[in-house]
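Trainee: The structure follows.
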Amino acid sequence: MPPPSEADLLAFVRRTAADAALITSLPLDPEGRTWIRLEGPGGSEAWLIGWPPGSGTGWHDHGGSHGAFATATGKLTEQSLAARLPTEGWRMLELTEGVDRERALPAGRSRSFGPHHVHQVLNVSREAHAVSVHAYYPPLPMMRRYSRSGQVLRLEQVEWPQEWA
């Protein structure tokens, strides 16, 4: 069986985000994000994530995995870079003008992305939680976390799977 494609992951997150019983089973914390690990298609890694008002991920990538996510409830905002960044061998990059993208992902919206995707996901609401479903293949080997100041992106930290258990 071939590994899951971005389209397969997208179909999975859409279908899972529509499962009202699963979505409402996630405990929501007013202070921090909550998550439950799910079984994704074809050996992929999947997560159900709760986002309290004002929370976000910070800038990160997915260690070379491709993925998809869907908003089940609430509204998320994704800020991303429309540029293919090298995945290794750098600690600081100066971004060119015009690479910033922003998209709103209200409940029912989804997106997929390739292995070089750098983004941050935010719940900008001041009142409402959001819940989303995420899937990645291959399972995340790591995540790189970045800081951003203007057009400068700096690698700050590498996280490993054992840290998300």
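The values are calculated or read from the model by the stated rules, or taken from the named source; none is laboratory data. Quick caveat, the model's predicted, so the values are computed rather than measured. No Cβ is skipped: glycine too gets one built from the backbone with ideal geometry, and neighbour counts run over all protein chains shown. When the accessible area is computed, the model is the full protein with side chains, heavy atoms only, and any ligands, DNA or RNA have been set aside. Shrake-Rupley method; radii C 1.70, N 1.55, O 1.52, S 1.80 Å.
Trainee: Need the failing condition index for A11 against (1) open to solvent by 50 Å² or more (accessible area, probe 1.4 Å); (2) within 21 Å of S112 (Cβ to Cβ), just the number.
Mentor: Tallying (1) open to solvent by 50 Å² or more (accessible area, probe 1.4 Å); (2) within 21 Å of S112 (Cβ to Cβ), A11 fails exactly one: (1).
Trainee: On the basis of being of a type in the set (F, W, Y), surrounded by 18 or more Cβ atoms within 10 Å (Cβ to Cβ), touching a residue at least 60 places away in the same chain (Cβ under 8 Å) and farther than 21 Å from E127 by Cβ, does W47 make the cut?
Mentor: yes
Trainee: Which residues, counting only those in the stretch 60-82, are of a type in the set (A, V, I, L, M, F, W, C), under 19 Å from L153 (Cβ atoms) and in contact (Cβ under 8 Å) with a residue 24 or more places away in the chain?
Mentor: Selection gives L81 alone.
Trainee: Can you pull out the residues in the stretch 104-135 that are farther than 16 Å from A72 by Cα, without any contact (Cβ under 8 Å) to a residue 60 or more places away in the chain and surrounded by fewer than 17 Cβ atoms within 10 Å (Cβ to Cβ)?
Mentor: Result: H116, single match.
Trainee: Hey, among W59, W90, which residue is under 19 Å from W164 (Cα atoms) and hydrophobic (A, V, I, L, M, F, W, C)?
Mentor: Just a single option satisfies the conditions, and that option is W59.
Trainee: Look at the stretch 58-71 and say how many of its residues are assigned to a loop (DSSP other than H, G, I, E, B) and crowded, with 18+ Cβ neighbours inside 10 Å.
Mentor: Adding up the residues that qualify gives 4.
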